[in-house]
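Below is one structure, written out as structure tokens; the observations come after it.
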């Protein structure tokens, strides 16, 4: 028999860690190659980790809600000795520091008599920190307020031991550093300390799920970070509607994809971003970062009501067919919960289709650290004045509103208004004789 180390796979250049949300297999269960073993979550998307080999799960090295770094071993699978894909676990000397940490963990585990629930916290704590907190009676609220010196403000072993030492000596505990926690996490913590809401006997109390808590934090943090301002413009898309009605059947037959209005809109946005690169930026303190690539995020509502923003990479390099395939692929995988963490990373500008739900227009919140987001309103038949060489007359046209939210810290009204006007110009100048 051989032992295979199942490691947390690399999930994108900007993803360094993930949280275990659920073990799909328990110790002793048989696992087939490519079968999902556990579910994980990053700050953007949930996904599954499959096994590379067939065998029996003999050890789980992390528990539910534990934070795991990319490349760390999360489970041991026992396989047949002659299995070609098996990686043997190397027997190496364990560093003294690691031994001491393991001893500390075991000592704390044995001493704990009353389990403490950390599910009420939105911050990530290592198993060691959690166990020390349980042993020393450190509450979740106290743990949340400890200034973390680790990566992204994470609380380390030294941080919690220093906190306990100060508490025992009566010295004031160090205050949480404002820059340490992520903005979204900080906002969520503050919201939990808000004025209590009155609840009567007929009300139902439902706790937000993990993703909804993150979305809540991101949205509130964005409003407090960016100076939101909006520009609105009405667009005549009659030619687009007629062209799509004419070619959609042939498009689906030839390409095997449905042709919606979304890729047509995304194509126009990508062109406008090339014309106005000042909208394809992000802000880092007092610095403006001009993005080399145009990566369009497309906000999508999930079946459970949550929101996710998959990203079309290098959208300006795609023709309409390529854009339609990218939109459909990301949209279908979002609905099926099959997005990978890298699918939601690297966006430079976002488009959201509020018209899907019948809204005429909206005032969307910027997806940080971007500086703009465009809302597509519902397409409606409306009476309109039509100018002709013979004079003006009233006719029925297909129109929609574009709602552009932008960050007034770095985008003035001239740029924000000119950008959305250019999108409208591309849409109104759509060539009805073009091929797809």
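Among the residues making up the range 366-392, those that are without any contact (Cβ under 8 Å) to a residue 12 or more places away in the chain and either under 30 Å from residue 348 (Cβ atoms) or surrounded by fewer than 10 Cβ atoms within 10 Å (Cβ to Cβ) (or both) are 385, 387, 388, 389, 390, 391, 392.
For residue 10, the test of being in contact with a strand residue (DSSP E or B) (Cβ under 8 Å, 6 or more places away or on another chain) and part of a loop (DSSP other than H, G, I, E, B) is failed. Of all the listed residues (316, 342), the sole one being part of a helix (DSSP H, G or I), in contact with a helix residue (DSSP H, G or I) (Cβ under 6 Å, 6 or more places away or on another chain) and surrounded by fewer than 21 Cβ atoms within 10 Å (Cβ to Cβ) is 316. Could you list, in sequence order, the residues of the range 295-306 that are touching a helix residue (DSSP H, G or I) at 6+ places or on another chain (Cβ under 7 Å) and within 13 Å of residue 350 (Cα to Cα)? Passing the criteria: 295, 296, 298, 300.
Let's see how each residue does on (1) surrounded by 18 or more Cβ atoms within 10 Å (Cβ to Cβ); (2) farther than 22 Å from residue 282 by Cα; (3) at pLDDT 95 or above; (4) in the same structural domain as residue 378 (by TED's automatic domain parsing):
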{"site": "208", "(1), (2), (3), (4)": "no, yes, no, no"}
{"site": "216", "(1), (2), (3), (4)": "no, no, no, no"}
{"site": "234", "(1), (2), (3), (4)": "no, yes, yes, yes"}
{"site": "238", "(1), (2), (3), (4)": "yes, yes, yes, yes"}
{"site": "264", "(1), (2), (3), (4)": "yes, yes, yes, yes"}
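Count of the range 401-436 residues, restricted to those that are without any contact (Cβ under 8 Å) to a residue 12 or more places away in the chain and either within 31 Å of the chain's Cα centre (by Cα) or closer than 28 Å to residue 284 by Cβ (or both), is 2.
Of the residues 245, 236, 316, 329, which single one is free of Cβ contacts under 8 Å to residues at least 40 places away in the same chain and over 19 Å from the mean Cα position of the chain (by Cα)?
Details: 236 fails: free of Cβ contacts under 8 Å to residues at least 40 places away in the same chain; 316 fails: free of Cβ contacts under 8 Å to residues at least 40 places away in the same chain; 329 fails: over 19 Å from the mean Cα position of the chain (by Cα).
After applying the criteria, what remains is 245.
Only a single criterion out of (1) under 27 Å from residue 128 (Cα atoms); (2) at pLDDT 90 or above is not satisfied by residue 30, namely (1). Scoring residue 300 on the criteria (1) in contact with a strand residue (DSSP E or B) (Cβ under 8 Å, 6 or more places away or on another chain); (2) outside any helix (DSSP H, G or I); (3) modelled with pLDDT of 95 or more leaves a single failure, condition (3). Being surrounded by fewer than 18 Cβ atoms within 10 Å (Cβ to Cβ), in contact with a strand residue (DSSP E or B) (Cβ under 6 Å, 6 or more places away or on another chain), modelled with pLDDT of 90 or more and part of a strand (DSSP E or B) is a description that applies to residue 59. Residues in the range 345-354 include at least one that is in a strand (DSSP E or B), touching a helix residue (DSSP H, G or I) at 6+ places or on another chain (Cβ under 7 Å) and assigned by TED's automatic domain parsing to the domain that holds residue 256.
Mind checking whether some residue in the range 175-196 is at pLDDT 75 or above and either in contact with a strand residue (DSSP E or B) (Cβ under 6 Å, 6 or more places away or on another chain) or not assigned by TED's automatic domain parsing to the domain that holds residue 283 (or both)?
Within the range 175-196, the subset at pLDDT 75 or above is none.
Looking for residues that are at pLDDT 75 or above and either in contact with a strand residue (DSSP E or B) (Cβ under 6 Å, 6 or more places away or on another chain) or not assigned by TED's automatic domain parsing to the domain that holds residue 283 (or both), one finds none in the range 175-196, hence no.
The set of residues in the range 388-436 being under 30 Å from residue 255 (Cβ atoms), out of contact with any helix residue (DSSP H, G or I) (no Cβ under 6 Å at 6 or more places or on another chain) and in a loop (DSSP other than H, G, I, E, B) consists of 429, 431, 433, 434, 435.
The values are calculated or read from the model by the stated rules, or taken from the named source; none is laboratory data. This is a predicted model, so every value here is computed, not measured. Cβ coordinates were reconstructed from backbone atoms using ideal geometry, including for glycine residues, and neighbour counts include every protein chain displayed.
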